[in-house]
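Worksheet: the structure to be examined is printed underneath.
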Amino acid sequence: MNPMNYVILAAILFSIGAAAVLLRRNAIVAFMGVELMLNAANLALVAFSRIHGELDGQIMAFFVMVVAAAEVVVGLAIIIAVFRARQTISLDEPAELKG
Amino acid sequence: MSFTTPTIDWAAFAPIIIVLGAGAAGILVEAFVKTPATRRTVQLALSLAALVASLGVIIAQWAALDGAGTVVMSGMATVDRQALAWMAILLVFGLLSMLLFASRDGGGAFTELGATAPGSVEEKLARRAGLQLTEVYPLALFAVGGMMLFTCVTDLVFLFVALEVFSLPLYLLVALARRRRYLSHEAALKYFILGAFSSAIYLFGVALVYGATTVTDVNMIGTAIVNLADADPLLLAGAVMIIVGFMFKIGAVPFHSWVPDAYQGAPTAVTAFMGAATKAAATAALVRVMFVAFAPLEWELSWLVWAVAIASMVYGTVVALVQTDIKRMLAYSGVAHAGFILVAFAGLEGEALTALPFYLLAYGLATIGAFAVVSQVRERAEDGGVGAEAVRLGQWAGLGKRSPLLAGSMALFLLSFAGIPMTAGFIGKFEAFSAAIAGGAWPLVLIAVLASAVAAFFYVRLIVLMFFTDAPEGAEETIAIEDGALTRVVIYVTAAAVLVLGILPSGVLNLFADASVLLVSVGG
Amino acid sequence: MQSLIWLAIALPLASAAVLLCLGRRADAWGHWMGVAASGGAFLVGLGALIEMLGKPAEERALDTTLYTFIPGGDLHVDVGLLADPLSITFVLLITFVGTLIHVYSVAYMEHDKDRRRFFAYLNLFVAAMLLLVLADSYLLLFVGWEGVGVASYLLIGFWNYKPEYATAANKAFVVNRIGDIGLIIAMGIMFTTFGALDFATIGELAGNASTATLTAAGLALLLAACGKSAQFPLQSWLGDAMAGPTPVSALIHAATMVTAGVYLIVRSAPIFEGAPNAQVVVAIVGAITLTLGALIGMAKDDIKKALAASTMSQIGYMMLAAGLGPVGYAFAIFHLITHGFFKAGMFLGAGSVMHAMNDQVDMRRFGALKGAMVVTWVTFGLGWLAILGVPPFSGYWSKDKIIESAFVGEGWQPWVFGLTALIGAGLTAFYMSRLFFMTFHGKARWTDEVHPHESPALMTVPMIILAVGSAFLGLILATGDRFTTWLEPVTGHVEHHEPVLPVAVIVALTLILVALGAVGAWFKYGRAEVPQEAPSASLATITARNDFFQDSVNRAVFQRPGQHVTRTLVYADAAIVDGAVNKQARGWSSLGSASRKLQTGQVRSYAATMLVGLVIVIAVIVVGGL
């Protein structure tokens, strides 16, 4: 199968992830959208690595996974803090900072 | 397959290792030192010592370098004078901010215990027990270390790692305000979601560029692009996404939306640090990407730089005019400054590389000073104690009479933002604009000068308010002026620096001129 | 010493910094350090003078570059000091009179709890003023120019707990800003024309520029000079500036800062050389102001305000002389020096009187003070004789020369300027004698609780020294044209021109008018009863008492429209301080109000903004790049 298809799939996943951030009110789901975007990038890296016939892209994907894991830790911590204070994780609710 | 173990020039990384190592040590201190008061002292001493030591190493490395630099890990990072200059700037910002973090005006900037909900019983208990959050010191060290890494890394994926290393601690720091915690949480959540969103965009851009050029090394991308036959849409889209990731950190329109909210909601000390250091680090990275990796795409990308620069200057200035919250006003002024920074990118490389470090140094010093002043003007709480910061513009009326030194320093910072002669901001703007003019971007400079003129209005308005408007009857009692020694030191040091850089800029300018050559070497 | 002239600026500046930083800890000795700093600066100036006198005239100027402000590139800016006969003359005047006034202030401000701060500001002023006169470029001069403006603002409003004093300080500040705009415009014109701002380059290249350019620059410089020197039409602030402590009025608003405008015009001689029309305007402004000042001086009952009006009028004389071109430059400066002595002396005398009279300033409640305060009376009297221009006192030598020069020329000018200066001398004699007689002679009209007494030695000694100067300085400097020869390297050598009237006639006419004025004042205010309340007066007197309604005019012409602007843009009063920004309308602000709506507070919309921006950029670049 043409590895370029994986790149196209990655682009589609990236768009789905971005759409999730824009459309979903739930902070966790929006955050999952961001993770989906990161993983789409991972997929693209691996696919390109395959196309170019070298390992660099695959190694990069590991780096990205580690960073993404760290990001999850920090992100969930913030979301939980917000939930404790407000009893909701809607992204639309806290909107006192504006203008 | 066989791998050769890479040789790593650890010595070149020494300044960064010191800072990050001290951050790790700080986590241990957090675990083993029990008494809050002692812990604070130990953490502060550790942080300051690490930053000073790192600065010392940088000075030594600067002296040892003769024009070139060190390429570390097969081109993953390049420690040249340009990188050292940016690292030194970041360390100075870090040192000043650390003093603000440690200040205990109005009970300190940070909450006692980040995990407690605002207004909960746990929060009250923690307050009564005299708890004091000290994780902020290692967090800040990680942020500084990550930013330093960000300035010298020359590999796009490694750059992503560095980006996250300094962003993640910042997200947390934003959430830890002692007062107005709801706002602080909201700011952190927004900053985090948008920050993660932008870094995902950046990473996808890296993947696309990797696909188009087969490399991620900044130096080699430049060579690879030249060898490409014609413009590759994959490459162009990837380049744009990468640059957008940096512009987000700089806070340029339309990627600026996090700036006002995060600046306003964050603890003021963190705002000071974030405003000064994030912009500097992102600018440093953008310098390498723009002038090395994507230099062959200059023609295609100049459109982006121009559009974003104009949008930032105009939007930031216009919206700052109508702000009533002082932190928010400064945030929008920061957006406008992002535009001024991008103006320099439209210029020639040599001039821009001298102008940008100076501009960011001037802007950062004034930013830290201005937010430090903000942290000194407090509302009087109902029980007579010192409350949250008085951030409504009206509350600053007549400050000049009550505290001339404070108001005078603030006026100096504002004048520097506005770019009035005899302040560092003037020299910065002058250098940035002349770099752009040398690059033939005079229409951009014209708009920049007009925007500066309009912007001067809201800076001067605050000065007029402080010095020439009397506080309304009875308003004086509702405002308390703090007199924290650490914060005052920061204010006076930055004020003096802004003045000295405005009057005697030639020494520092010459240093940055020495640093205005990027080491471009194609690693193996 | 000439190359060390920067020390003269550094000493008072350092002293000011120390006094401000140490705060209350310096209360005990701070004032003496202020005196020492000013005195030290004088010694530096004196050293430079001696060194310069040892050199041939054409080698006396020394331009020292302190450091490079902006290196390389299209704009290379150096910070340098120029010590030439003109600037050294000013340095000596500023530091000598300044030091005496410092000494005087030690006693005058003794009971003020903020005396240390006062000395810090005074030192700051001296440093800024020295920078102004020593600068070798307009840019650096501008720094000093702003510096004296700030120091003057701080000192006028020194007792700012009284709202009207703070208002006076603001007024001075705002009017001076108008003048500053003139200086900025002038610098802009000069920089675009010559590509430099230093006096040397401009002096060299001025001949090549077109008359129109030079006229524009000259008029802009004149606007600057009018603001700083309280010349028509920007004269309104000087009277109110008397709110400051009297030593401030003596130093800043009589002897030094207000004369900076004259310095600027003389220093800009190369510009005015090529712009005869601008020169005539300078002379006209001088003539108007000298008359206006004299008329206001005749009607004022407040001793300080009368002296302020007189200062305005005397600077009008200097402006008139400066507007005459090279013929008048040296005499403008000469009169500036003698005026610095006798006017500062009289202000100190006025301060001494106020000291004795519980800070009253109404001359209608003075009278017969000569018995109670002999030293003040004698010293003030010498100043009075000097300003009248009675030979052989100082004023005679300088003012008569200006009147003579005013009669030089062709066409209508010598007659208009000459006669104005001549009549002005008579008016001066009248109002100054009125002031002198009302204060020291006639019957005592004191309020009940005052018991006049002589001031302490710390105050009288500076007065005596200044009085000696008022008496003899003119004679010393005029003998053998010493002073004009000394200034010649700067002002240029001028062939002698004959006035349109014989010199003897001019001198005789002047003296007759002066005598008439003084005698008239004696009959009206010396011998006759002076009513304790100002009598109802003619329209003319009321006009003069109200400073020719300049405040009303300013209010109607500038302030109202200006306030309208500021009210919409800046918060004008406390009632709308809070939340006022929301009320700002029009223009940029409405644009801002509209734009800020984009910042909805919803994080999802922020992300959408980013993404839309990204998509647009990619679309344009990728499509455009293909």
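What to note about this one:
- For segment B:251-272, the candidate set comprises residues that are more than 10 Å from every other protein chain (Cβ to nearest Cβ) and polar (S, T, N, Q); within that set, the residue that is farthest from residue B:486 (Cα to Cα) is B:271.
- Residue within segment B:347-364 that is open to solvent by 10 Å² or more (accessible area, probe 1.4 Å), touching a residue at least 60 places away in the same chain (Cβ under 8 Å), closer than 18 Å to residue B:180 by Cα and not basic (Lys, Arg) present: no
- Any hit, segment B:273-284, residues being open to solvent by 10 Å² or more (accessible area, probe 1.4 Å) and part of a helix (DSSP H, G or I): no
- Restricting B:444, B:509 to those that are more than 23 Å from residue B:404 (Cβ to Cβ), in contact with a helix residue (DSSP H, G or I) (Cβ under 7 Å, 6 or more places away or on another chain) and within 11 Å of chain C (Cβ to nearest Cβ) reduces the list to B:509.
- Only one of B:305, B:314, B:318 that is open to solvent by 10 Å² or more (accessible area, probe 1.4 Å) and in a helix (DSSP H, G or I): B:314
- Taking the conditions (1) touching a residue at least 12 places away in the same chain (Cβ under 8 Å); (2) over 29 Å from the mean Cα position of the chain (by Cα) in turn, residue B:215 satisfies each one other than (1).
- Filtered residues of segment B:489-499 (kept if surrounded by fewer than 20 Cβ atoms within 10 Å (Cβ to Cβ) and in contact (Cβ under 8 Å) with a residue 12 or more places away in the chain): B:489, B:492, B:493, B:499
- Of the residues making up segment B:223-233, one or more are part of a helix (DSSP H, G or I), over 19 Å from the mean Cα position of the chain (by Cα), over 24 Å from residue B:90 (Cα atoms) and within 13 Å of chain C (Cβ to nearest Cβ).
- The residues listed here are B:418, B:451; of these, the one that is within 12 Å of chain C (Cβ to nearest Cβ) and out of contact with any strand residue (DSSP E or B) (no Cβ under 7 Å at 6 or more places or on another chain) is B:451.
- Filtering C:390, C:375 for residues that are open to solvent by 10 Å² or more (accessible area, probe 1.4 Å), of a type outside the set (Asp, Glu), in a helix (DSSP H, G or I) and out of contact with any His (no Cβ under 9 Å at 6 or more places or on another chain) leaves a single hit, C:375.
- Answer from B:253, B:270, B:259, B:287 - the residue that is β-branched (Val, Ile, Thr) and open to solvent by 10 Å² or more (accessible area, probe 1.4 Å): B:253
- Top-ranked residue in segment C:291-326 [being within 21 Å of residue C:380 (Cα to Cα) and not in a helix (DSSP H, G or I); ranked as modelled with the highest pLDDT]: C:302
- The listed residue being among the polar types (S, T, N, Q), assigned to a helix (DSSP H, G or I), under 23 Å from the mean Cα position of the chain (by Cα) and farther than 15 Å from residue C:127 by Cβ, out of C:3, C:105: C:105
- Some residue of segment B:478-494 being on the phi < 0 side of the Ramachandran plot, in contact with a Pro (Cβ under 6 Å, 6 or more places away or on another chain) and within 12 Å of another protein chain (Cβ to nearest Cβ): no
- Of the candidates C:474, C:424, C:480, C:469, the single residue that is small (Gly, Ala, Ser) and surrounded by fewer than 20 Cβ atoms within 10 Å (Cβ to Cβ) is C:480.
- Segment B:136-181, residues that are assigned to a helix (DSSP H, G or I) and among the acidic types (Asp, Glu): B:164
- Residue C:363 meets each of the listed conditions (1) open to solvent by 10 Å² or more (accessible area, probe 1.4 Å); (2) touching a residue at least 40 places away in the same chain (Cβ under 8 Å) apart from (1).
- Flag for residue B:194 being modelled with pLDDT of 90 or more, buried (at least 24 other Cβ atoms within 10 Å of the Cβ) and not basic (Lys, Arg): yes
- Taken residue by residue, segment B:76-84 has at least one member that is of a type in the set (Val, Ile, Thr) and either more than 21 Å from the chain's Cα centre (by Cα) or open to solvent by less than 60 Å² (accessible area, probe 1.4 Å) (or both).
- Only one of C:61, C:48, C:57 that is open to solvent by less than 20 Å² (accessible area, probe 1.4 Å) and in contact (Cβ under 8 Å) with a residue 24 or more places away in the chain: C:48
- Residue match in segment C:252-264 (condition: open to solvent by 10 Å² or more (accessible area, probe 1.4 Å), within 18 Å of residue C:311 (Cα to Cα) and touching a residue at least 12 places away in the same chain (Cβ under 8 Å)): no
- Test: residue C:450 is in a loop (DSSP other than H, G, I, E, B), open to solvent by less than 10 Å² (accessible area, probe 1.4 Å) and at negative phi: yes
- When C:188, C:203, C:179, C:144 are checked against the criterion of being open to solvent by 10 Å² or more (accessible area, probe 1.4 Å), touching a helix residue (DSSP H, G or I) at 6+ places or on another chain (Cβ under 8 Å) and part of a helix (DSSP H, G or I), C:203 stands alone in meeting it.
- Applying the condition of being within 8 Å of chain A (Cβ to nearest Cβ) and more than 20 Å from the chain's Cα centre (by Cα) to segment B:170-191 and asking which residue is most open to solvent (accessible area, probe 1.4 Å) yields B:182.
- Filter result for residue C:14 (in a loop (DSSP other than H, G, I, E, B) and either of a type in the set (A, V, I, L, M, F, W, C) or in contact with a strand residue (DSSP E or B) (Cβ under 9 Å, 6 or more places away or on another chain) (or both)): no
The values are calculated or read from the model by the stated rules, or taken from the named source; none is laboratory data. None of these values were measured; they are calculated from a predicted model. In this analysis, Cβ positions are derived from the backbone assuming ideal geometry, glycine residues included, and neighbour counts consider all displayed protein chains. When the accessible area is computed, the model is the full protein with side chains, heavy atoms only, and any ligands, DNA or RNA have been set aside. Shrake-Rupley method; radii C 1.70, N 1.55, O 1.52, S 1.80 Å.
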